[in-house]
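Participant: Next up is a structure, given as structure tokens.
The values are calculated or read from the model by the stated rules, or taken from the named source; none is laboratory data. Bear in mind that the values here come from a model prediction, so they are computed numbers and not experimental data. Methodologically, a virtual Cβ is constructed for each residue, glycine included, from the backbone with ideal geometry; neighbour enumeration extends over all protein chains shown.
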Amino acid sequence: MDKYEIINGSRILKGSVVKNRSILRENTSRTFNQLVTWILNVRLTYRMYGFKLFKKPTVIQLINTGIRTEGWFFFSELLVKAIWSDITVTEIPVRWTDAGHSKVDIAMLTGQYLKEIFRLKKERENFKKLEK
């Protein structure tokens, strides 16, 4: 970890092993990732998976930029602001077995995520890079 600021686990990278994931969940995740890439111009394969490793000073700096999301979009906002600050995010493949009984309301979550993505797009104009 010494040479990395942030490590992000990705279900989409070559070498990742994903089991029991429904086509709907897979397509929804990929669509979300593509929207973030297009709208916010950040290149990451995956933002939602719960495996993230941050150097403590880095995550404190990122939180102090004014992370406004409290839900699942929280880590997406952190990663977007890290990239905007030229902090290197290293991605690694993961092994994931989906429990298969998600209670996620995809329509509601999609609306929330789109709202957050467009809020970040507006915020980008005034975002000041973190001092490293």
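Participant: Does SER10 qualify as being polar (S, T, N, Q) and over 25 Å from PHE127 (Cα atoms)? Spell out how you get there, then give the answer.
Facilitator: Working: polar (S, T, N, Q): yes; over 25 Å from PHE127 (Cα atoms): yes.
Spelling it out, SER10 is indeed polar (S, T, N, Q) and over 25 Å from PHE127 (Cα atoms).
Participant: Suppose we keep only residues that are of a type in the set (Asp, Glu) and surrounded by fewer than 17 Cβ atoms within 10 Å (Cβ to Cβ) within segment 1-26. Which one would you say is farthest from ARG95 (Cα to Cα)?
Facilitator: Per the stated criteria, the residue is ASP2.
Participant: Yes or no: segment 101-117 includes at least one residue that is surrounded by 18 or more Cβ atoms within 10 Å (Cβ to Cβ) and of a type in the set (Phe, Trp, Tyr).
Facilitator: Yes, the conditions are met somewhere in segment 101-117.
Participant: SER85 fails exactly one of the following numbered conditions: (1) surrounded by 13 or more Cβ atoms within 10 Å (Cβ to Cβ); (2) under 27 Å from ARG25 (Cβ atoms). What is the number of that condition?
Facilitator: (2)
Participant: In addition: Identify the residue in segment 112-127 that is hydrophobic (A, V, I, L, M, F, W, C) and part of a helix (DSSP H, G or I) and, among all such residues, is farthest from THR31 (Cα to Cα).
Facilitator: In the first step, residues of segment 112-127 are kept if they are hydrophobic (A, V, I, L, M, F, W, C); the result is 114, 117-118, 120, 127.
Now narrow it down to the ones that are part of a helix (DSSP H, G or I): 114, 117-118, 120.
On the way: LEU114: 11, ILE117: 13, PHE118: 15, LEU120: 18 Å.
For segment 112-127, the residue satisfying everything is LEU120.
Participant: Between a residue in segment 17-32 that is closer than 18 Å to TRP72 by Cβ and any residue that is surrounded by 10 or more Cβ atoms within 10 Å (Cβ to Cβ) and among the aliphatic types (A, V, I, L, M), which pairs come within a Cβ distance under 6 Å, given they are 6 or more apart or on different chains?
Facilitator: THR28/ILE106
Participant: Looking at ASP98 and the list (1) surrounded by 14 or more Cβ atoms within 10 Å (Cβ to Cβ); (2) touching a Phe, Trp or Tyr at 6+ places or on another chain (Cβ under 7 Å), which single condition is not satisfied?
Facilitator: If we test ASP98 against (1) surrounded by 14 or more Cβ atoms within 10 Å (Cβ to Cβ); (2) touching a Phe, Trp or Tyr at 6+ places or on another chain (Cβ under 7 Å), just (2) comes out false.
Participant: Please find, among LEU130, LEU109, the residue that is part of a loop (DSSP other than H, G, I, E, B), under 24 Å from SER10 (Cβ atoms) and in contact with a Phe, Trp or Tyr (Cβ under 9 Å, 6 or more places away or on another chain).
Facilitator: Values: LEU109 fails: part of a loop (DSSP other than H, G, I, E, B).
Result of the check over LEU130, LEU109: LEU130.
Participant: Being aliphatic (A, V, I, L, M) and modelled with pLDDT under 90 is the requirement here; does LEU62 meet it? Before the answer, list the steps.
Facilitator: Working: aliphatic (A, V, I, L, M): yes; modelled with pLDDT under 90: no.
Considered against the rule, which asks whether it is aliphatic (A, V, I, L, M) and modelled with pLDDT under 90, LEU62 comes out as no.
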